[in-house]
Amino acid sequence: MPISFTCPHCGSHTEVDERYAGQTGPCRQCGATVTVPGELAQTFQPPPARSSSMPIILAVAAVVVVGMLVCGGVLLALLLPAVQTAREAARRSQCTNNLKQIGLALQNYHDVYGAFPPAYLADEDGKPMHSWRVLILPFLEQKPLYDRYRFDEPWDGPNNRLLAASMPTVFRCASEQPSPPGVTSYVGVSGPGAIFDGAKPTAIFSINDGTSNTLMVVEFAGNNIQWLEPRDLDASQLTAVVNAPDGVNISSEHPGGANALFADGHVQLLSSSISSQTLHDLTTINGGEPIQGF
């Protein structure tokens, strides 16, 4: 609708279209600059339209991310068993190496003293005092530790008990779960008729069953035996196969069996499927049993 206004300079009356509201220009009569009453008309500007491709891009990106996560999870699930298997293989290899080092130390001890060390040294009353694991320390390049051990007190005496935490790593299998300091993974096969027969040393020439058929040191997981302690695996108590969950048999954290050191120095995994009879036959030095494949 028209806007009526009066020029403040010449007093003339003028009507203009409302679209000129708020605009400035010359008066039709006098030419003086005047401003049309009212606010300057605003032209409506619609907001810029969003690109229709943006939701599509976001959707595609979401699909890609989800796909990567799913594929990554699948790949991880597929790779994890292989990684765990590889790690266990490395730990088992380290365990085998530990037993080989122990076997070499025992052979060197035999070369020096003419016999393997006894299972323990006893006091005058026959009580076990010191383990074979202590006796072979000089042959494991542990002479300084051996020199700190006192043979005039028991293995758990005031001085010797302080050495428990200094156990050489060779006495611990990497596959075993963390346990109290000083607990060993390896024990001798002991008892009458075995290589470790109490306080009596055994020479190689007396092993009539053959050194390659006679067990010497085996894994004994979860035994809670201190490495200094003169205690081992009593062969007479073996009642079942390897890795039986009864706490009195050869056992390990390795799937499928346990590592064992034989009197000739070789290390072999004793399968969980080995028979209890064969296992018993391997513990004796003069049993005379025919042993075939195990």
**OP:** Find out how many positive minus negative residues lie around Ser251, taking Lys and Arg as positive, Asp and Glu as negative, among other residues whose Cβ is under 11 Å from that of Ser251.
**Re:** -4
**OP:** Determine the sum of side-chain charges near Leu282: Lys and Arg each +1, Asp and Glu each -1, restricted to other residues whose C-beta is under 11 angstrom from that of Leu282.
**Re:** -3
Original post:
Under the classification rounded if a/c is under 1.5, otherwise prolate if a/b is larger than b/c and oblate if not, where does the range 146-231 fall, given a ≥ b ≥ c as square roots of the Cα gyration tensor eigenvalues?
Top reply: oblate
Original post:
What does the charge add up to near Leu99, with Lys and Arg as +1, Asp and Glu as -1, over the other residues with Cβ less than 12 Å from its Cβ?
Top reply: +2
Original post:
Do any chymotrypsin sites (Phe, Trp or Tyr not before Pro) in the range 113-190 lie in a DSSP loop with no more than 16 other beta carbon atoms within 10 Å, and if so, which?
Top reply: Phe151
**OP:** Figure the gain on full extension for Asp234 and Phe205 (residue separation times 0.36 nm, minus the Cα-Cα span) and round it to one decimal in nm.
**Re:** 8.2 nm
Subject >> Electrostatic dipole magnitude of the range 95-245 [Cβ: Lys, Arg +1; Asp, Glu -1; Cα centre; debye, to 20] >> reply: 340
Original post:
Given the range 190-294, what percent of its DSSP beta bridges are antiparallel, to the nearest 5?
Top reply: 75
Subject >> Accessible solvent surface per residue of the range 240-294, calculated while the other protein chains remain in place, 1.4 angstrom probe, Å² >> reply: 42
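The values are calculated or read from the model by the stated rules, or taken from the named source; none is laboratory data. What you see is a predicted model; the values in this text were computed from it and never measured. All Cβ positions, even for glycine, are placed from backbone atoms using ideal geometry, and neighbour counts span all protein chains on display. Note: areas computed on protein heavy atoms with side chains; ligands, DNA, RNA excluded. Shrake-Rupley method; radii C 1.70, N 1.55, O 1.52, S 1.80 Å.
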